[in-house]
Amino acid sequence: MPEPAQTAPEGLTATQLIDQCKDFLEKNYYAELLERVRKGDQFLSIDFQVLSSYDPSISDTLLDHPEEVLKALELAVKEFDLPKELTRFTIRVRNLPQSAYIMIRNVRAQHLGKFILTEGVVRQKSDVRPQVTTAKFECPSCGNTLSVLQLDTHFKEPTRCSCGRKGKFRLISKELVDFQGIVLEEVPEQLEGGEQAKRMNVLLRNDLVSPMTEKRTNPGSRLKITGQIKEVPIILRTGGQSTKFDLLIEANNVEPIEEDFMDLIITPEELLDIKKLSEDPKIYERMVASVAPSIYGHDKIKEALVLQLLGGCRKIRDDGVINRGDMHILLLGDPGAAKSQMLKRMAHVAPKARYVTGRGASGAGLTATVVKDEFLQGWSLEAGALVLANKGLCCIDELDKMSKEDSWSMHEALEQQTVSISKANIQATLHAETTVLAAANPKLGRFDPYDVIANQINLPVTLINRFDLIFPIKDLPDPAKDERMASFILKLHQTNAQASEIPTKMIRKYVAYAKQKIHPKLTDQAIEELKEYYIKMRSSGSQDKGHKSIAISARQLEGLVRLSEASAKLRLSDKVLKKDARKAIELMDYCLRQIALDEETGAIDIDRIGAEIPASQRNRIILIKELLTELERSIGKTIPLEDLTKAAHDKGIAEAEVEEIIQKLKRSGDVFEPRRGFISKI
């Protein structure tokens, strides 16, 4: 049995150190150790504070010379009379003191070989591959077996045997462990000014790369890493070794910091509080009041944000079609209407959230990109904000300031909830089950009260279509409202806090429980209510010269289902009732009346936001085309413009409108002007 080096604490010999470690484990972790062995696990997690209270000298040595103490603890485990033969047992240490915490940017040469604690976000990750730790060789001359520890990056063979033979030894066996490399980047909150986030390579071995822990180390996860800092030699192109060394952390323990709603652990006491809160008849009002207490008004938007946090139910059909459960909301409003504040607040409430700004985000930064990588060799995939916020919330501010090409990259992520990438030699489909909350300004920076809201949305139609709810926020002067708002804001500055009815931590746990355990199903009454509204809206589209405008489409119906399911989740009910459907209809109707109302006809026209041309205008274009065909039959190929204007006037279309439509048809290549005052169809 190999013994650790003789630099044990306070003059202790290696044997005494092992005995002390055995005594420590027997007193504090014997039952847990037996349980681990029974389950077949190859590791035991110990608390640094417990070790420190048992013997401070051992805990101090652990920080300065981790290899010796960890080896002594592992050898101490083997001295127990355990039911299973343990070939390799690892001791993991958690809860290191604050003095051992070092930021990635502050790692220096003096920390080499020390045991430290650091945190960061996983940016890249290599595949899991086996690595040799020990190799056994046989001497062909005398049959002697030689064991060589493989600690370097190069595979080592024995130099000579005791019988005097040099070289050409036969490899009998080798011991392999799972090995994986990850790249850890500093947490954005730690950066100051214009600093760039620093990165550190981390090595994971054995159970740290098991399928269960692999999920926790996916790109985008925030981790606390306990480990030892080691230097790596840099080999020059000439084959020689550089005087500079690279740094890496050999991980001993990995703890995820930021979990999504599905990973949050709820204690039995918290479960009782959640159940008690769900029985409150005013749970809806209380949640709405607590979601953003420091923002005045906007009750309808706050209602939608509560439902967005809960989300609908993701359904995978038998034919493989997936219906998303996440709701996307767009806040479109005047400057200073607290849009960004709402986004920041929601990013704080949701456990796994990303906040990005349209101007500073590219399509690759939102979805994914392929980068050439030195540490992991070759090409590697780097995930963007929508993928990093998988099963969480992505808040995108200033959506209108993004370039059109970049915003197009979001289409697949919003509807199919995947990000497909095909670059270099990488073809991959990444999951992006992300809820998106976006904010944008109108075309001219502020809403024009004399123009239709739909004309002032400066976003691609295909992108707008994917948002379930769109809220316009107008900032209009109103003496009574302005006074209340001023009092609220100034009071907030004076007292510095607005008490939330339900604490943020409780909201988080409540939403986590609802998302984990509650999967409501639609009842017949709810289906009837939604169906009735849908049919009523479809038939209420305005009849314009024989062409109906479409008030609502199947996309909005799916949005209604998601809203209804979220409303049922809020009550922790597994049934979507009629009142949930009504709540969903109320929110959807509010948004549609604000955005898609056709002023001319007084009916809702979804094409105002869902298409380039509203239905009423499209119908007039169709009518002009019909008149052109009729006149072509009676007059001939070349039609005088005044004849068309006269015919259109009889149908109720003004001369100015005819001119505008003719210009549009010219641009689209449907008609041309052979000579002044005449037009012909192409």
Requested in this report: Hand me the list of helices (runs of 4 or more DSSP H) wholly inside segment 488-591 holding 3 or more residues that are out of contact with any Cys (no Cβ under 9 Å at 6 or more places or on another chain) and modelled with pLDDT of 85 or more.
Outcome: 524-539, 554-570
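State the number of residues belonging to segment 645-657 that are hydrophobic (A, V, I, L, M, F, W, C) and either modelled with pLDDT under 80 or touching a Cys at 6+ places or on another chain (Cβ under 6 Å) (or both). It would help to see each step written out before you state the result.
We begin by selecting, within segment 645-657, every residue hydrophobic (A, V, I, L, M, F, W, C); these are 647-648, 653-654, 656.
Checking which are either modelled with pLDDT under 80 or touching a Cys at 6+ places or on another chain (Cβ under 6 Å) (or both) leaves us with 653-654, 656.
The total comes to 3.
Results for (1) touching a residue at least 12 places away in the same chain (Cβ under 8 Å); (2) charged (D, E, K, R); (3) closer than 30 Å to Leu96 by Cα; (4) not assigned by TED's automatic domain parsing to the domain that holds Leu343, shown as yes or no for each residue.
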{"residue": "Thr226", "(1), (2), (3), (4)": "yes, no, yes, yes"}
{"residue": "Ala251", "(1), (2), (3), (4)": "yes, no, yes, yes"}
{"residue": "Lys275", "(1), (2), (3), (4)": "yes, yes, no, no"}
{"residue": "Met287", "(1), (2), (3), (4)": "yes, no, no, no"}
{"residue": "Pro293", "(1), (2), (3), (4)": "yes, no, no, no"}
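Gly220: at pLDDT below 85, not acidic (Asp, Glu) and not in a strand (DSSP E or B), yes or no?
On the way: at pLDDT below 85: yes; not acidic (Asp, Glu): yes; not in a strand (DSSP E or B): yes.
Yes; evaluated as a whole, the condition is true for this residue.
Determine which member of the set Gly297, Gly311, Gly239 is at positive phi, surrounded by fewer than 17 Cβ atoms within 10 Å (Cβ to Cβ) and in the same structural domain as Arg582 (by TED's automatic domain parsing). Show your work before the answer.
Working: Gly311 fails: surrounded by fewer than 17 Cβ atoms within 10 Å (Cβ to Cβ); Gly239 fails: in the same structural domain as Arg582 (by TED's automatic domain parsing).
Exactly one of Gly297, Gly311, Gly239 is at positive phi, surrounded by fewer than 17 Cβ atoms within 10 Å (Cβ to Cβ) and in the same structural domain as Arg582 (by TED's automatic domain parsing), namely Gly297.
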**Report entry** Hits in segment 652-670 (condition: surrounded by 13 or more Cβ atoms within 10 Å (Cβ to Cβ) and in a loop (DSSP other than H, G, I, E, B))
**Finding:** Ile653, Asp670
Report summary line: Within segment 470-486, of all residues that are surrounded by fewer than 13 Cβ atoms within 10 Å (Cβ to Cβ) and of a type in the set (A, V, I, L, M), the one farthest from Leu305 (Cα to Cα) is Ala480
Query raised in the report: How many residues, within segment 72-127, are within 21 Å of Val50 (Cα to Cα) and of a type in the set (Gly, Ala, Ser)?
Result: 4
Requested in this report: Mind telling me which of the residues Ala432, Ala368, Ala439, Ala428 ends up being crowded, with 21+ Cβ neighbours inside 10 Å and at pLDDT below 80?
Outcome: Ala368
Query raised in the report: Filter segment 174-196 for residues that are within 20 Å of Thr118 (Cβ to Cβ) and surrounded by fewer than 16 Cβ atoms within 10 Å (Cβ to Cβ); which is modelled with the highest pLDDT?
Result: Gln196
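Mind counting the residues in segment 402-417 that are surrounded by fewer than 16 Cβ atoms within 10 Å (Cβ to Cβ) and in contact with a strand residue (DSSP E or B) (Cβ under 8 Å, 6 or more places away or on another chain)?
Step one: of segment 402-417, the residues surrounded by fewer than 16 Cβ atoms within 10 Å (Cβ to Cβ) are 403-405, 408, 411, 415-416.
Cutting the leftovers down to in contact with a strand residue (DSSP E or B) (Cβ under 8 Å, 6 or more places away or on another chain) gives us 416.
Total meeting the criteria: 1.
Grab the strands (runs of 3 or more DSSP E) fully contained in segment 59-173, keeping just those with 1 or more residues being loosely packed, with under 15 Cβ neighbours inside 10 Å and not hydrophobic (A, V, I, L, M, F, W, C).
Numbers: elements: 90-94, 115-125, 129-138, 145-149.
Passing ranges, in order: 129-138, 145-149.
Residue-wise test of (1) buried (at least 21 other Cβ atoms within 10 Å of the Cβ); (2) at pLDDT 85 or above.
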{"site": "Ala304", "(1), (2)": "yes, yes"}
{"site": "Arg317", "(1), (2)": "no, no"}
{"site": "Lys352", "(1), (2)": "yes, no"}
{"site": "Ala364", "(1), (2)": "no, no"}
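The values are calculated or read from the model by the stated rules, or taken from the named source; none is laboratory data. In this text the structure is predicted, and so the values were computed from the model without any measurement. Using ideal geometry, Cβ is built from the backbone for each residue, glycine included, and neighbour counts are taken over all protein chains shown.
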